[in-house]
1. What about residue 285, is it assigned to a helix (DSSP H, G or I), modelled with pLDDT under 95 and farther than 30 Å from residue 61 by Cα?
2. Suppose we keep only residues that are among the hydrophobic types (A, V, I, L, M, F, W, C), modelled with pLDDT of 75 or more and assigned to a helix (DSSP H, G or I) within segment 70-118. Which one would you say is farthest from the chain's Cα centre (by Cα)?
3. So, in segment 30-62, exactly how many residues are within 30 Å of residue 273 (Cβ to Cβ) and either in a helix (DSSP H, G or I) or among the aliphatic types (A, V, I, L, M) (or both)?
4. Considering only segment 398-436, state which residues are basic (Lys, Arg) and modelled with pLDDT under 95.
5. Could you grab the pairs with beta carbons closer than 6 Å, sequence gap of 6+ or different chains, first residue in segment 252-273 and within 25 Å of residue 122 (Cβ to Cβ), second one part of a helix (DSSP H, G or I) and hydroxyl-bearing (Ser, Thr, Tyr)?
6. Could you grab the pairs with beta carbons closer than 7 Å, sequence gap of 6+ or different chains, first residue in segment 177-205 and loosely packed, with under 12 Cβ neighbours inside 10 Å, second one in a helix (DSSP H, G or I)?
7. For segment 100-124, how many residues are in contact with a Pro (Cβ under 8 Å, 6 or more places away or on another chain) and surrounded by fewer than 21 Cβ atoms within 10 Å (Cβ to Cβ)?
8. Hey, does segment 4-14 have a residue that's out of contact with any Phe, Trp or Tyr (no Cβ under 8 Å at 6 or more places or on another chain), in a loop (DSSP other than H, G, I, E, B), exposed (fewer than 13 other Cβ atoms within 10 Å of the Cβ) and at pLDDT below 90?
Amino acid sequence: MLRITSAILGLWLSTHGNAAPISLEQEVAQTLATNPNIIRQYQELQSRIQGIDEAKAGYLPTLDLEAGAGYQTIDNRNTRITGDDEFNPSNVTLTLRQYLFQGFDTSENTTRTQAEAEAQRFQLLSDAENIALSVSQLYLTLIRTEQVYLLSVRNRDKHQSIYDDIAKRTRQGVGSTADLSQISARLARANSNLIASENDWRDAQEQYQRVIGRLPNQLIRPEVDANFLPDSLEQALGQARATNPTIFVATQDIDAALAQRDGAKSDFYPEVFIDVKQSWEEEYNGALGHRDDFSVMLKLRFNLFNGMADRAEVRRLAHQVGVAKSIRDNTFRELDEGTRLSWNAWQFTQRQLGFLQGHVQASYDTVVAYRKQFDIGKRTLLDLLNTENELFESRKAYLDAEYAEIEARYRVLNATGVLLDALNVERPQAWLESRR
């Protein structure tokens, strides 16, 4: 199967519009390309990447230009002797500063910003996985509710047909008014079920349109790629911990907190830097003529006391490391719980399907048998109606379980962090490039 790219998707949409059916894979790809939350997270990632370059600037020298010109009067012994107390001073100064040592502040700041960018990248991937799951759930719900609605229409029509036959028999005097009352009640219930199913279908359409932004012309029943599904709960738990992006968000947040704490320790060290200064002056401070100064200085700056604020800052950031680790541990627990719930839902709905399929088959066989018996006068129309009701309920239950089982599979894929891969949706390269 071809991987879905934005270019291919754009060509498909431009040539087909909404006339052709749209698959779940295409819908997920298009949603990721236009979803405001994904766009916001990507912009945040780009912002964090620029923060890395900002931090690395600490390795490079700074160059400052200072210039001034103006008017000055000086009253002192020399100017009183010369009688010249007005001057027009001007000066230009260039200062180049290169830090040789800053207590590892620049390196730790760079590590911190890289970890923050990685955390944001994994957050973007996590959001994309979750949006893909939401789209999958909405897609399945829309298909299921439409099929239940169509099933309800057929059920109502069968009730109406039997009602018409019994009403005709009653008018002819060969039918029972009790039977007519009973079928009237059954018909009312069938109409009520039809209205409820239509309401569910319309609600599903509204939810789909709110999240996706449009309604597709036609949906295609999705097929889950079984190659990406784990073989056991233990494998699912291990894969979730190894590949789910939310885990990497938490671990990168810890790295960022550690780097921020270690960067704060730079205040315990002196700063060593080189200053290179060149200045040009004219009539500056009453000195006539031109002055040209150049200097190269190796300097050391060390704070001896600042009220113990630096030590308090390190202790504060150490507690933030503890917070980040607690968030990671809680993330593991939530991920394990979500994986188990998804796995259990998948396994139990699979087991249900076998029994429900047997129920549908048995109900269908009963309908066929009752029709044959009705033809030879051994069954009544109400007997047929009872079997039709049983068949309708069994088919509806099977539909609900069938799509619940498919959704559970997608939940397992989401928990293990491979839903987009299973859907064959290609992520942009910028989402995959590590910044560390």
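The values are calculated or read from the model by the stated rules, or taken from the named source; none is laboratory data. Being a predicted model, the structure only gives us computed values, none of them experimental. Reconstructed Cβ throughout: ideal geometry from the backbone, glycine too, with neighbour counts over all protein chains shown.
1. Values: assigned to a helix (DSSP H, G or I): yes; modelled with pLDDT under 95: yes; farther than 30 Å from residue 61 by Cα: yes.
Taking the combined requirement at face value, the residue satisfies it.
2. Our first condition is that a residue be among the hydrophobic types (A, V, I, L, M, F, W, C); within segment 70-118, this holds for 74, 81, 87, 92, 94, 96, 100-101, 104, 115, 117.
Adding the requirement that they be modelled with pLDDT of 75 or more leaves 92, 94, 96, 100-101, 104, 115, 117.
Keeping just the survivors that are assigned to a helix (DSSP H, G or I) gives 115, 117.
Details: 115: 19, 117: 16 Å.
Among them, the one singled out is 115.
3. Step one: list which residues in segment 30-62 are within 30 Å of residue 273 (Cβ to Cβ), which gives 47-62.
Then drop every residue that is not either in a helix (DSSP H, G or I) or among the aliphatic types (A, V, I, L, M) (or both), which leaves 47-60.
Looking only at that region, the number is 14.
4. Filtering segment 398-436 down to residues basic (Lys, Arg) leaves 409, 411, 427, 435-436.
Listed by number, the residues that qualify are 427, 435, 436.
5. So the pair list comes out as 259/111.
6. 177/170
7. Of the residues in that region, 3 qualify.
8. First, pick out the residues of segment 4-14 that are out of contact with any Phe, Trp or Tyr (no Cβ under 8 Å at 6 or more places or on another chain): 4-14.
Next cut, in a loop (DSSP other than H, G, I, E, B) only: 5.
Subsequent filtering for residues that are exposed (fewer than 13 other Cβ atoms within 10 Å of the Cβ) retains none.
The answer is no, given that none of the residues of segment 4-14 is out of contact with any Phe, Trp or Tyr (no Cβ under 8 Å at 6 or more places or on another chain), in a loop (DSSP other than H, G, I, E, B), exposed (fewer than 13 other Cβ atoms within 10 Å of the Cβ) and at pLDDT below 90.
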